[in-house]
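Just below is one structure, and these are the notes that go with it.
The values are calculated or read from the model by the stated rules, or taken from the named source; none is laboratory data. This structure is a prediction, so every number in the text was calculated from the model and none was measured. Every residue, glycine as well, gets a Cβ built from its backbone with ideal geometry; the counts of neighbours run over all protein chains shown. Surface areas here come from the heavy atoms of the whole protein model, side chains and all, with no ligands, DNA or RNA. Shrake-Rupley method; radii C 1.70, N 1.55, O 1.52, S 1.80 Å.
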Amino acid sequence: STLFPYATLFRSPIRIVLNDEVDRYPVSAGTEGDPQKLAAKRQETFWNRKRLKGSTPTVKNISAIERDYELSDKRRFMVPCVHCGESQILSWAQVTWSKDADGEHDPAIAHYTCEHCGTLWTDAERWESVEKGKWKATAPFKGVAGFHLSQLYSPWVKLETVVREFLEAKGNPELLKVWTNTVLAETFEEKGETVEASGLKARIENYDYEELPEGVWFATAGVDVQDDRLEVEIVGWGADDESWGIRYDVIYGDPAMQAVWADLKEILFAKYWTEGGRLVKVRASAIDMGGHHGTAVLSFAELHFRRGVRPIKGAPGPRLVWPATASKTKTRRRLWIVGVDTAKDSIYGRFKIEDPGPGYCHLPTSYHDEWFDQVTVEEVVTRYRHGRPYRLWILPAGKRNEALDCRVYAYAARMSLTPRASRPSKILSDRAKAKTKVSVEETPAQNVWNKPNRRASRIRGGGFVGGWMG
């Protein structure tokens, strides 16, 4: 067997090929075509060639492993019930759990229900059934054996854990997609391929960047560079990536002039505060240099590198939102290649979350109709290259999308931060410090009268305080 990078797919004959995580492969290995087909070409010399493909599935009708599995004999693992002996495929529909006295879901009481006799299995009984299971083909064999196995078969995972993860993901399309792909090993069928501007407008809230909600911990910025202006959005982030639009500005002027960058600096490094007086700092900024004033972008980013400013370029296709390492320009200067399609998938998924909480996007009254039109303007279509489907984000002709680009870059900047850099600030405004000082000074006096200790009893019993209280 051989493991090799895409660049070597055409070099030498290979008898056994192992393709892992094929849903993460690019549509084309450079200009050579589908990497899977290139690898298969290298096996033609051998009569006894073998090839193994494996992957966590992704999106329905796009997933490469889904397509390959449908062409196989589609084997499923059948397990016998420890009570009635009837065989069955373990499915999520048969997992049940209870509710506590308050009506809340209680994952601790989760069981698997036999589809034949209705008996509730414990985790130990489920694992015992799996040990006695056998593979069974559900389609005719045509030269390819296919196998499907979900986490429900795992001897290392309790149903309580599976249910708890489901309840955490429920209502959040982005988290539910990950759960469906990784736990059930099934493709995720997305609901709709775009977001309506009217739906986003309906969630406008009465706050602004001068007094932010307390849920905001820190902020990031996304900057789009045009020939006659800069456009920038500041986005606040809280627990579980709940987000708040803070401000959106258009800075008119030639980006070759220093005055434009001075205005941007003022916005990026301004002090934003919550209603309670806690500082919200812009900890990372991503500035697009894709073809517009790249030298000016690089210079500004290098000057403010220590303050989290990074020059970026967007790249389509299945790639990480924020790369693990920086790339180099022709002049050996650093820039970061951002997975804009992946970011848009995530952002549109979050726009569809209807209830405040993990992933939800809050929007202020200062955002005008044009912002909502631009941020929802793109849509996803399916295209084919070398016979393989892939998702493509399309901007309708004559439309503008700077607001979406800025949100993508702000999200990419957020993904660049470490967990340590994603904590809320402990810096308080002078007004908040004054309030804190007063409350601290008042606490001992309050404790004197509420705490039942001997010293408090003596104070109540006599002296000036005792006489006054009497």
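Which aspartates and glutamates have a Cα less than 12 Å from the Cα of LYS352, not counting those fewer than 8 places away in the same chain?
Straight-distance partners of LYS352: GLU174, GLU190, GLU193, GLU196.
Could you pull out the GluC sites (Glu not before Pro) across the stretch 256-329 that fall in loop regions by DSSP (anything but H, G, I, E, B) with no more than 11 other Cβ atoms inside 10 Å?
Here no loop site has a sparse enough neighbourhood.
Considering only DSSP states other than H, G, I, E and B, which GluC sites (Glu not before Pro) in the stretch 64-114 qualify as loop sites with at most 15 other Cβ atoms within 10 Å?
Within the stretch 64-114, the qualifying GluC sites (Glu not before Pro) (loop, at most 15 other Cβ atoms within 10 Å) are GLU86, GLU104.
Evaluate the relative contact order of the chain (contact order divided by residue number), counting alpha-carbon pairs under 8 angstrom at least 6 apart; express in whole percent.
Once normalised by length, the contact order is 14 percent.
So what are the ³J(HN,Hα) numbers for the stretch 264-270, from phi and the Karplus equation (6.51, -1.76, 1.60; θ = phi - 60°), rounded to whole Hz, Gly and Pro as x?
5, 4, 4, 6, 5, 9, 5
What ³J(HN,Hα) values, in whole Hz, does the Karplus curve 6.51 cos²θ - 1.76 cosθ + 1.60 give for the stretch 114-125 when θ = phi - 60°, with x put for Gly and Pro?
Along the stretch 114-125, the couplings run 4, 6, 9, 9, x, 6, 8, 8, 7, 4, 5, 5 Hz.
To the nearest 20 debye, what is the magnitude of the charge dipole of the stretch 201-316 about its Cα centre, counting +1 on the Cβ of each Lys and Arg and -1 on the Cβ of each Asp and Glu?
Computed about the Cα centre, the dipole is about 440 debye.
Of the heavy-atom accessible surface of the stretch 171-283 (probe 1.4 angstrom), what whole percent is carbon and sulfur?
On the stretch 171-283, the fraction of accessible area on carbon and sulfur atoms equals 50 percent.
Tell me, Kirkwood radius of the stretch 294-381 from alpha-carbon pair distances, in Å?
Kirkwood radius, the stretch 294-381: 15.6 Å.
Tell me, which longest segment in the chain has none of the chymotrypsin sites (Phe, Trp or Tyr not before Pro) that fall in DSSP loops with at most 10 further Cβ atoms within 10 Å?
In the chain, the maximal stretch lacking such sites is 157-470.
Among DSSP bridges having both ends in the chain, what percentage is antiparallel? Round to the nearest 5.
Of the beta bridges lying entirely in the chain, close to 60 percent run antiparallel.
At 0.36 nm per residue, minus the direct Cα-Cα distance, what do SER425 and LEU395 gain on full extension? Give it in nm, one decimal, please.
Between SER425 and LEU395, full extension yields 7.0 nm more.
Give me the number: length gained by fully extending GLN226 to ARG49, i.e. 0.36 nm times residue separation minus the C-alpha to C-alpha distance, one decimal in nm.
Gain on extension, GLN226 to ARG49, equals 58.4 nm.
To make sure I understand the rule: partners must be lysines, Cα under 21 Å from the Cα of LYS281, and not fewer than 8 residues away in the same chain. Which ones qualify?
Within the straight-line limit of under 21 Å, LYS281 reaches these lysines: LYS265, LYS271, LYS426, LYS433.
Kindly state, to the nearest 0.05, the FRET efficiency for THR418 paired with VAL144, given R0 = 41 Å and r defined as their beta-carbon distance.
0.40
Tell me which label goes with the value of Kirkwood radius over Cα pairs in Å computed from the coordinates here: (1) 41.3; (2) 25.5; (3) 26.6.
(3)
Quick one: 3J(HN,Hα) in Hz for the stretch 69-76, Karplus 6.51/-1.76/1.60 with θ = phi - 60°, rounded, Gly and Pro as x.
3J(HN,Hα) across the stretch 69-76, in whole Hz: 5, 5, 8, 9, 7, 6, 7, 10.
Based on Cβ point charges of +1 for Lys and Arg and -1 for Asp and Glu, what charge dipole magnitude is obtained for the chain about its Cα centre, in debye rounded to the nearest 20?
Value, rounded to 20: 2180 debye.
Quick one: pull the percent of accessible area on the stretch 94-140 belonging to carbon and sulfur, 1.4 Å probe, ligands and nucleic acids left out.
Ligands and nucleic acids excluded, carbon and sulfur give 50 percent.
For the stretch 231-318, give me the percentage of DSSP beta bridges that are antiparallel, rounded to the nearest 5 percent.
Looking only at bridges with both residues in the stretch 231-318, the antiparallel portion is about 70 percent.
Where Rh denotes the Kirkwood radius from the mean inverse Cα pair distance, what is Rg over Rh for the stretch 226-358?
Rounded to two decimals, Rg/Rh equals 0.97.
Could you check the spin-label model distance between ILE337 and ASP263? Points 7 Å from the Cα along Cα→Cβ, value in nm.
3.4
How long is the gain from LYS433 to GLU160 if the chain were fully straight, where each residue apart is worth 0.36 nm and the alpha carbon distance is subtracted?
Value of the extension gain: 93.8 nm.
So for the pair LYS328, LEU279, with labels modelled 7 Å out along Cα→Cβ, what separation do we get in nm?
Each label point is offset 7 Å from its Cα along the Cβ direction, giving 3.7 nm.
Accessible area per residue, 1.4 Å probe, Å², for the stretch 245-362: what's the number?
Result: 48 Å² per residue.
How about LYS136: which lysines have a C-alpha closer than 29 Å to its C-alpha, ignoring those fewer than 8 places off in the same chain?
The reachable lysines, counting only those whose Cα sits under 29 Å from LYS136, are LYS37, LYS50, LYS53, LYS60, LYS74, LYS158, LYS177.
Below 8 Å between Cα atoms, with a sequence gap of 6+, how large is the relative contact order for the stretch 153-297 in percent?
In percent, rounded to a whole number, it is 21.
Hey, if you put +1 on the Cβ of every Lys and Arg and -1 on every Asp and Glu Cβ in the chain, which of VAL250, LEU149, ASN206 ends up farthest toward the positive end of that dipole?
LEU149
With the crude spin-label approximation of a point 7 Å out along Cα→Cβ, what separation in nm comes out for GLU205 versus ARG306?
Spacing of the two 7 Å Cα→Cβ label points: 3.5 nm.
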